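Student: Could you have a look at this structure, given as structure tokens, before my questions?
The values are calculated or read from the model by the stated rules, or taken from the named source; none is laboratory data. Just so it is clear, the model here is predicted, and its values are computed rather than measured. No Cβ is skipped: glycine too gets one built from the backbone with ideal geometry, and neighbour counts run over all protein chains shown. The area values use the complete protein model at the heavy-atom level, side chains included, leaving out ligands, DNA and RNA. Shrake-Rupley method; radii C 1.70, N 1.55, O 1.52, S 1.80 Å.
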Amino acid sequence: MNHLVRLLILFVLGLWPVAALAQAPATPGPQRTERIEAELVPMSAWAAPGSTAVVAVRQAIKPDWHTYWRNPGDSGGATTLAWTLPQGVRAGDIVWPVPERQRIAGLMNYGYSGEVYLPVPVEIPASARPGTSLPLTVRALFLVCSAEMCVPDELTLRLDLPVREGAAPLHPRHGAAITAVLENAPRPAGIEARIALQDGVMTLAAAGGPLAGRDPGPSYFFPFEGGIIDHPADQTGVWGPQGLALRLQPGGETRANGLTGPVEGVLVTRHGAWEIRAGPGTAPAGTGGSGTLAAAPDSTGTGRSSGAGSATTLATFVQAVLFAILGGLILNLMPCVFPILAMKAASLAGSAHDVRHARRDGLAFLAGVLTTFLLLAGGLLVLRATGEAVGWGFQLQSPPVTAGLALLMLAVALNLSGVFHVGGSLQDVGSGPLSRLPGGSGAFFTGALAVIVAAPCTAPFMAFALGAALVMPWPMALLVFLGLGLGLALPFVAVSLSPGLLARLPRPGPWMERLKGLLAFPMYATALWLAWVFSRQTGAEALGLLFGAGVLLSLGLWLVGGGQTERGFGRRGLLHLTAGAIALLLAAATAGLAAVMPADLTVTEAGDPPAGPTSAPWSAAAVDAARAEGRPVLVNFTADWCVTCKINERTSLSSAGVKAALERADAVYLVGDWTRRDDAITAELQRHGRSGVPLYLLYSPGAAEPRVLPQLLTEGVVVEALGDAR
């Protein structure tokens, strides 16, 4: 145990520099990680009052690494900027340079390598006083990737922009480079574009403007949204006196839904790059007949890592695994795991004074946790690879899974209450785990159940680990998930392998049978909670059927328990077991019927607590509408099966104090409910580097990106954040 304590101390000390760096105040000048250097730089030497200045996030990316464009392609994530600006100063959107085409392991990504500038226009208020400086601060999140792995790097950058009267010269170091980016950046140019899908081939035709009368040479179309085209497929076509026509392969979204509206993006030829908006329709005249277009070559400079790059990759991968282990350890303290602690306690108490059995149970529990984490993570990665928008905890978004888990928890509770048993005699109290599953298989089952119920919750450090894992190659991703499982199982395993700690527990006796009955009640509570989640997913009628299935399950298990007590399983025992089996089959059929019933949520939707704030459903349009009015926006991404979410809402989001703070700030409160699957919410979670709930965002007027609030909220944190936003 002393070795374990020393290991944890070293681990925490090893993470301390990372935490200290994340909380360090912003200072002007370059900020660095092992993969990237970034700084906020101006295009001009100063800014005049009432003008629009241009600043840029300069990235100096280490060799064999890259960051991403607004549409990252087949993997990765775009760079995001969250601004903190003085009163009256407003930052616009990023002016994205044309990206590189980076083909890696059969995927096509769109991004940048080497040095790149991302310019941003900044409106300077007329009230800005000459002779002063405006402190501009931005929290930049870069997803920095090599050919082998990706790491999210967050840096806080600051620029003190001088304010003076009159026209300003270019900044001596960065002005010319930023000007070149702006001059070459894609922009609309009067091009008429149409797109059509026929026989599995998309044709993008564009004519007019700078395309007329010139051979465009190898050309390429970068869509603004993913899923529209098959990114790795070659783009070939023809050109004519007025323009060109590219043949594209449809992406997963287009194959599934067809062309549902205009397609926007950047068209690049040898003469320049332009933004186009292609509506469905036939090709404009003059886009063919003069020649053919060869496929544009991929960009270079994003090949496999060198030896030094591989060492960096290994270091960042190890960091992700360590964060996963620490997140798993903290997960043991989260509310969603409390019911499972009852089963852990029962298992441990039953074998505490048999060192051999305790070690067996500890290792079996670890095996159950790791196996189940591996299965859940593998399923998640497979679904995401096929284009499904799912996140961590996706299993509890399925009504059949929720119903099955509710009945399973009820069965475990009935087992602990002595209604039936699996394994040894009920009178032989000290011979095995109190869960009454035989030996190591009972401990394995307990570990598996702990993961299934606890996985939807998130804890500090888990967000980074899961976010990084979902963009890593799958072998590394699975190892990160296994690290999370190791952290979850580590306290139980450490105690089971420590004879000194086990010896301190009381000797087996009648108290263990009473403890077993007491520990059944957290499992009953869990079954009721899962039934409530099921009702939120389906409705009152389906919940009634689930209750009926629960009664049949209880009857069946009681009959089976009665049959087990009949010596030798005679005629009476066989009758008990047969009737019990029939009741269990009826319970399964009733639960299946409840799970497939059409959702009817008119009864189960509940309003906000009277004292708390009024909320509205989240949508990207609702956020944009509120921000257009200059109002702060507080967004709560939650789910009914997320116990941490519900506790935060009860203690920190539904109080009269938070309601008053929202009213003082004239803020809008939006709730994104992820209880049932919602692809739009999944995409928004991914955009902020999260794979599950809770997630709390606060949009401030004038800030391009929201502030992410802590996963464990207090009323004071929310009120203070709303005050800052106001």
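Student: Once the mean 1/r over all distinct Cα pairs of segment 148-255 is inverted, what Kirkwood radius in angstroms do you read off?
Tutor: 17.9
Student: Would you check the accessible area of ASP199, probe 1.4 Å, heavy atoms only, in square angstrom rounded to 10?
Tutor: Counting only protein heavy atoms, ASP199 exposes about 150 Å² to solvent.
Student: Convert each backbone phi in segment 154-162 into a coupling constant with the Karplus relation 6.51 cos²θ - 1.76 cosθ + 1.60 (shift: θ = phi - 60°), then list the ³J(HN,Hα) values in order as whole Hz, x for Gly and Pro.
Tutor: The phi angles translate into 10, 10, 9, 10, 9, 9, 8, 8, x Hz.
Student: Sorting PHE323, PHE222, PHE521 by accessible area (1.4 Å probe), largest first, what list results?
Tutor: Numbers: PHE323 20, PHE222 0, PHE521 135 Å².
Result, largest first: PHE521, PHE323, PHE222.
Student: Another question, then. Give the relative contact order (percent, whole number) for segment 58-111; include only Cα pairs under 8 Å separated by 6+ residues.
Tutor: Working: 55 pairs, mean separation 21.2, N = 54.
RCO, segment 58-111: 39 percent.
Student: Now for a separate question. Where does each of 544-556, 278-290 land if you order them by average Cβ count within 10 Å, highest first?
Tutor: Numbers: 544-556: 19.2, 278-290: 16.3.
Highest to lowest by the protection proxy: 544-556, 278-290.
Student: Points 7 angstrom from Cα along the Cβ direction at ALA494 and THR132: gap in nanometres?
Tutor: Spacing of the two 7 Å Cα→Cβ label points: 5.3 nm.
Student: So who's got an amide H within less than 5 Å of the one on LEU695, skipping anything under 5 residues away but keeping other chains? H placed 1.01 Å off N, in plane.
Tutor: Residues meeting the amide H criterion: PHE637.
Student: Another question about this same structure. How much accessible area per residue does segment 170-270 have, counting only protein heavy atoms and a probe of 1.4 Å, in square angstrom? Walk me through the intermediate numbers first.
Tutor: Working: 4490 Å² over 101 residues.
Averaged over the residues of segment 170-270, the accessible area is 44 Å².
Student: Moving to a separate point now. Just how many % of Cα pairs in segment 43-134 lie over 17 Å apart, if you round to the nearest whole percent? All intermediate terms of the calculation are to be shown ahead of the outcome.
Tutor: Numbers: 2372 of 4186 pairs.
Result: 57 percent of Cα pairs exceed 17 Å.
Student: With no solvent and one equal point scatterer per Cα, compute the Debye intensity ratio I(q)/I(0) for segment 191-232 at 0.14, 0.30, 0.34 Å⁻¹ and report its log10, rounded to two decimals.
Tutor: Reported log10 I(q)/I(0), two decimals: -0.41, -1.21, -1.26.
Student: Scan around ASN109 for amide H atoms under 5 Å from its own, H built in the peptide plane at 1.01 Å from N, and keep only partners 5 or more places away or cross-chain.
Tutor: Excluding prolines and chain starts, which carry no amide H, the hits are ASP74, GLN102, ARG103, ILE104.
Student: For segment 97-153, evaluate the Debye formula with one uniform point scatterer on each Cα (no solvent term) and list log10 I(q)/I(0) at q = 0.12, 0.17, 0.18, 0.27 Å⁻¹, rounded to two decimals.
Tutor: Scattering profile of segment 97-153, log10 relative to I(0): -0.50, -0.76, -0.81, -1.29.
Student: Keeping every protein chain present and rolling a 1.4 Å probe, give me the accessible area per residue for segment 616-726 in Å². Each step should come with its number before you reach the end.
Tutor: On the way: 4250 Å² over 111 residues.
For segment 616-726, the solvent-accessible area averages 38 Å² per residue.
Student: Once amide H atoms are built 1.01 Å from N in the peptide plane, which residues 5 or more positions from THR84, or in another chain, come under 5 Å H to H?
Tutor: The answer is THR137, VAL138, ARG139.
Student: Apply 1/(1 + (r/R0)^6) to the Cβ-Cβ distance of LEU575 and ALA683, taking R0 = 45 Å, and write down the FRET efficiency to the nearest 0.05.
Tutor: Numbers: r = 56 Å, r/R0 = 1.24.
Here the calculated transfer efficiency is 0.20.
Student: Under a point-charge model restricted to the Cβ atoms of Lys and Arg (+1) and Asp and Glu (-1), what is the dipole moment magnitude of segment 136-294 relative to its Cα centre, in debye to the nearest 20? Intermediate values should be presented prior to the final figure.
Tutor: Values: 11 positive and 15 negative charges, 74 e Å.
Approximately 360 debye in magnitude.
Student: Along segment 359-374, what does the Karplus equation 6.51 cos²θ - 1.76 cosθ + 1.60 (θ = phi - 60°) give for ³J(HN,Hα), rounded to whole Hz, x for Gly and Pro?
Tutor: So the J values, rounded to whole Hz, are 5, 4, 5, x, 5, 5, 4, 4, 4, x, 5, 5, 4, 5, 4, 5.
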